[in-house]
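Here's the structure, in structure tokens; my notes come after.
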Amino acid sequence: MDDLRVNSQSSLSDVDDLSRLLDRPRLNIERKRSFDERSFSEMGILDSGVNSPGGRSGWETPGSSTRNSFEPHPMVAEAWDALRRSLVHFRGQPVGTIAAYDHASEEVLNYDQVFVRDFVPSALAFLMNGEPEIVKNFLLMTIQIQGREKRIDRFKLGEGAMPASFKVIHDPIKKTDTVIADFGESAIGRVAPVDSGFWWIILLRAYTKSTGDLSLAETPECQKGMRLILSLCLSEGFDTFPTLLCADGCSMVDRRMGVYGYPIEIQALFFMALRSAMSMLKHDTEGKEFMERISKRLHALSFHMRSYFWLDFQQLNDIYRYKTEEYSHTAVNKFNVIPDSIPEWVFDFMPLRGGYFIGNVSPARMDFRWFALGNCVAILASLATPEQSAAIMDLIEERWEELVGEMPVKICHPAIESHEWRIVTGCDPKNTRWSYHNGGSWPVLLWLLTAACIKTGRPQIARRAIDLAESRLLKDGWPEYYDGKSGRFIGKQARKFQTWSIAGYLVAKMMLEDPSHLGMISLEEDKQTKPVIKRSHSWT
Ligand code: GLC
């Protein structure tokens, strides 16, 4: 198996380029405000500080501690120190953060690598703190890695595939730095990370939005990198749906968990990456061709997701009463879902107020599980209509015990157990019920929840979740995940000093303090993808 190596010799010129770019005078950082400021004022929680970029808001919300929020929480300084300790350098330049800086753990596995998805909250923290250089270096480094040939055994992967992670190996004798990347050929289960490319595009937009520096996105390297990622996911095949068909374990949930098919996490990231790319592609011949394809796909994808993945009380009742074996265009039960396949738990779980995008939809299969990442990204990307976004937040409030519990945020709900666990996970001992990906609680998701709360004008929910995290995260040593129905126990095999738990907390804190940061990771509703057809029941 060929390891991908970018040795410092061959990449010298690129690194020089990189240094030259960084030598440029710092651009004025002007952040766009895309959150609805009005809702903040109407709620009486917008203070004058919010109007000056970088200013402190200092607003208190119901249920929050009485501590003066002008004084940073003592955990913030600790978190910054820990985040800086996780920095990874390539030829003296910071290019990313290691997944976990856990000296106590015997097994390092691949936690000593820079994961693309794990770096996203780190990158956002650095951007919010006015330190964009590392993000730029990371984006350039990973796009260089994308350009290499990648193989699994005798099979060559698509050109656009982005790595799950990479590692910098320093040779102190030869004084060289070597980069080894993993596209799935070393990962447990040998799955390629479909989410990496999407996160890369989303991060490029966040960098551009936050710095106002368009020059990086406009470089031929970044334009080509984007087009290659897009080619992979916009290619024509035998699809009958606009959603993206995936193997199990191709995203944050990177083990077999029955998320194969059309998982919500990937569909939401796909949607967000398409919209982000749309705003950054150049209007040249190649760029325009992609923009046309993107626009068509977005139109179909938003319709499909908003109609068929959406579940609320009314929709559940409709499915419960579905007729089966319908043929022709007039079919109501298009995917031939058999009502008997609806799991018992969902009838109790579904509140009258609220709704969410379910885990998966394919022929005769609806995975009714709740996945936090996909739903939060759907809000941020405006894949959810404003009404659906509000309903998702309603659900989180109504089902706080289940979806947040004692440690924010549950990755999915509910856990699968017994026979189902055996069949679905292949008896995975790491994913036993209410552990890890199977209903575990992941502090990293706090930043996504916070962003979704701010976007929907409900910062008090984020405040409540942050308070919960602050009561334990530092004391527990920033675990990767928590176990148990309500997330009370430090996870069975959880790493300590997990970087994205640290960065996720910082991003949540900074966003709540200065909601204008939201603009770099949120997209306004696109009027063109507004639903045109209404279904019989009202879901908007
Ligand atoms: C685990 C997680 C994955 C994460 C990686 C590094 O494999 O499932 O989402 O990227 O650890 O933290």
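May I ask you to verify whether Lys224 is open to solvent by 50 Å² or more (accessible area, probe 1.4 Å) and either hydroxyl-bearing (Ser, Thr, Tyr) or not in a loop (DSSP other than H, G, I, E, B) (or both)? Steps first, answer last, please.
Numbers: open to solvent by 50 Å² or more (accessible area, probe 1.4 Å): yes; either hydroxyl-bearing (Ser, Thr, Tyr) or not in a loop (DSSP other than H, G, I, E, B) (or both): yes.
The answer is yes for Lys224.
If you take the residues in segment 496-515 that are closer than 14 Å to Tyr111 by Cα and touching a Pro at 6+ places or on another chain (Cβ under 7 Å), which one is most open to solvent (accessible area, probe 1.4 Å)?
Just the residues of segment 496-515 that are closer than 14 Å to Tyr111 by Cα, to begin with: 496-501.
When the remaining residues are screened for being touching a Pro at 6+ places or on another chain (Cβ under 7 Å), the result is 496, 498, 500-501.
On the way: Lys496: 71, Gln498: 2, Trp500: 20, Ser501: 0 Å².
Residue satisfying both the conditions and the ranking: Lys496.
Name the residue, out of Met305, Met278, that is surrounded by 12 or more Cβ atoms within 10 Å (Cβ to Cβ), touching a strand residue (DSSP E or B) at 6+ places or on another chain (Cβ under 8 Å) and assigned to a helix (DSSP H, G or I). So that I can check it myself, show each step before the final result.
Numbers: Met278 fails: touching a strand residue (DSSP E or B) at 6+ places or on another chain (Cβ under 8 Å).
Going through Met305, Met278 in turn, the sole match is Met305.
Looking at Leu474, Leu448, can you tell me which residue is open to solvent by less than 30 Å² (accessible area, probe 1.4 Å) and touching a helix residue (DSSP H, G or I) at 6+ places or on another chain (Cβ under 7 Å)?
On the way: Leu474 fails: open to solvent by less than 30 Å² (accessible area, probe 1.4 Å).
Leu448 is the lone residue from the list that is open to solvent by less than 30 Å² (accessible area, probe 1.4 Å) and touching a helix residue (DSSP H, G or I) at 6+ places or on another chain (Cβ under 7 Å).
For segment 147-178: of the residues being among the small types (Gly, Ala, Ser) and in a loop (DSSP other than H, G, I, E, B), which is surrounded by the fewest Cβ atoms within 10 Å (Cβ to Cβ)? Outline the logic, then answer.
To start, the set of residues in segment 147-178 that are among the small types (Gly, Ala, Ser) comprises 147, 158, 160-161, 164-165.
Remaining after also requiring in a loop (DSSP other than H, G, I, E, B): 147, 158, 160-161, 164.
Numbers: Gly147: 13, Gly158: 15, Gly160: 18, Ala161: 20, Ala164: 27.
Out of the qualifying residues, it is Gly147.
Residues of segment 378-428 being within 16 Å of the ligand (Cβ to nearest atom) and under 26 Å from Ile502 (Cα atoms), which ones?
Passing the criteria: Val409, Lys410, Ile411, Cys412, Ala415.
For segment 235-251, which positions are open to solvent by less than 10 Å² (accessible area, probe 1.4 Å) and within 15 Å of Phe371 (Cα to Cα)? Outline the logic, then answer.
Just the residues of segment 235-251 that are open to solvent by less than 10 Å² (accessible area, probe 1.4 Å), to begin with: 243, 249-251.
Correct list: Gly249, Cys250, Ser251.
Need the failing condition index for Asp182 against (1) within 21 Å of Arg256 (Cα to Cα); (2) among the acidic types (Asp, Glu); (3) in contact with a helix residue (DSSP H, G or I) (Cβ under 7 Å, 6 or more places away or on another chain), just the number.
(3)
Kindly provide the set of residues from segment 184-197 that are within 14 Å of the ligand (Cβ to nearest atom) and either on the phi < 0 side of the Ramachandran plot or of a type in the set (Val, Ile, Thr) (or both), ordered by number. Full working, then the answer.
Residues of segment 184-197 that are within 14 Å of the ligand (Cβ to nearest atom), as a first pass: 184, 186-196.
Result: Ser186, Ala187, Ile188, Val191, Ala192, Pro193, Val194, Asp195, Ser196.
Quick one: would you say Tyr320 is over 25 Å from the mean Cα position of the chain (by Cα) and at pLDDT below 95? Explain how you work it out, then say what you get.
Values: over 25 Å from the mean Cα position of the chain (by Cα): yes; at pLDDT below 95: no.
No: the conditions fail for Tyr320.
For the condition in contact (Cβ under 8 Å) with a residue 60 or more places away in the chain and over 28 Å from Ser210 (Cβ atoms), what is the one hit in Lys485, Lys475, Lys509, Lys455?
Numbers: Lys475 fails: in contact (Cβ under 8 Å) with a residue 60 or more places away in the chain; Lys509 fails: over 28 Å from Ser210 (Cβ atoms); Lys455 fails: over 28 Å from Ser210 (Cβ atoms).
From the options Lys485, Lys475, Lys509, Lys455, the qualifying one is Lys485.
Restricting to segment 486-500, and then to whatever is within 15 Å of the ligand (Cβ to nearest atom) and out of contact with any Ser or Thr (no Cβ under 8 Å at 6 or more places or on another chain), can you tell me which residue is nearest to Met75 (Cα to Cα)? Reasoning before the result, please.
Looking only at segment 486-500, we keep the residues that are within 15 Å of the ligand (Cβ to nearest atom), and these are 491-500.
Now narrow it down to the ones that are out of contact with any Ser or Thr (no Cβ under 8 Å at 6 or more places or on another chain): 493-494, 498.
Details: Gln493: 24, Ala494: 20, Gln498: 15 Å.
Among residues in segment 486-500 that are within 15 Å of the ligand (Cβ to nearest atom) and out of contact with any Ser or Thr (no Cβ under 8 Å at 6 or more places or on another chain), the one nearest to Met75 (Cα to Cα) is Gln498.
Looking for whichever is at pLDDT below 95 and touching an Asp or Glu at 6+ places or on another chain (Cβ under 7 Å) here; the options are Ile188, Ile152, Ile143. Which one fits?
Details: Ile188 fails: touching an Asp or Glu at 6+ places or on another chain (Cβ under 7 Å); Ile143 fails: at pLDDT below 95.
Going through Ile188, Ile152, Ile143 in turn, the sole match is Ile152.
Condition first: assigned to a helix (DSSP H, G or I) and in contact (Cβ under 8 Å) with a residue 60 or more places away in the chain. Now tell me which residues in segment 422-452 satisfy that.
Of the residues in segment 422-452, the ones assigned to a helix (DSSP H, G or I) are 422-425, 443-452.
Selection gives Val424, Thr425, Pro443, Val444, Leu445, Leu446, Trp447, Leu448, Leu449, Thr450, Ala451, Ala452.
Rundown of residues vs (1) modelled with pLDDT of 95 or more; (2) within 23 Å of Glu524 (Cβ to Cβ); (3) not charged (D, E, K, R), yes/no style:
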residue	(1), (2), (3)
Thr211	yes, yes, yes
Leu216	yes, yes, yes
Pro220	yes, no, yes
Glu236	no, no, no
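When Ala181 is evaluated against the numbered criteria (1) in a strand (DSSP E or B); (2) surrounded by fewer than 21 Cβ atoms within 10 Å (Cβ to Cβ), which criterion, by number, is the only one it fails?
That leaves (2) as the condition not met.
Tell me, which strands (runs of 3 or more DSSP E) wholly within segment 317-413 include 2 or more residues that are aromatic (Phe, Trp, Tyr)? Step through it out loud before you land on a result.
Numbers: elements: 355-357, 360-362, 365-367.
Counting at least 2 such residues, we get 355-357.
What residue, among those in segment 127-146 that are without any contact (Cβ under 8 Å) to a residue 60 or more places away in the chain and surrounded by fewer than 24 Cβ atoms within 10 Å (Cβ to Cβ), is farthest from the ligand (Cβ to nearest atom)?
By that ranking, first place goes to Glu131.
May I ask you to list the residues in segment 338-359 that are surrounded by fewer than 18 Cβ atoms within 10 Å (Cβ to Cβ) and either free of Cβ contacts under 8 Å to residues at least 40 places away in the same chain or within 25 Å of Thr385 (Cβ to Cβ) (or both)? Give the derivation first.
At the first step, the residues of segment 338-359 found to be surrounded by fewer than 18 Cβ atoms within 10 Å (Cβ to Cβ) are 338-345, 347-348, 351-353.
Selection gives Ile338, Pro339, Asp340, Ser341, Ile342, Pro343, Glu344, Phe347, Asp348, Pro351, Leu352, Arg353.
With Val95, Val116 as the choices, which residue is under 17 Å from Met162 (Cβ atoms), away from the ligand (no atom under 16 Å from the Cβ) and not hydroxyl-bearing (Ser, Thr, Tyr)?
Values: Val116 fails: away from the ligand (no atom under 16 Å from the Cβ).
Just a single option satisfies the conditions, and that option is Val95.
Restricting to segment 147-167, give me the number of residues that are within 16 Å of the ligand (Cβ to nearest atom) and not small (Gly, Ala, Ser).
4
Filter segment 463-485 down to residues that are of a type in the set (Asp, Glu) and either away from the ligand (no atom under 16 Å from the Cβ) or modelled with pLDDT under 95 (or both) and give me whichever is farthest from Gly504 (Cα to Cα).
Asp476
The values are calculated or read from the model by the stated rules, or taken from the named source; none is laboratory data. Note that the structure is a prediction, hence the values are computed from the model and not measured. For neighbour counting, all protein chains shown are included, and Cβ atoms are generated from backbone atoms with ideal geometry for every residue, glycine included. Note: areas computed on protein heavy atoms with side chains; ligands, DNA, RNA excluded. Shrake-Rupley method; radii C 1.70, N 1.55, O 1.52, S 1.80 Å.
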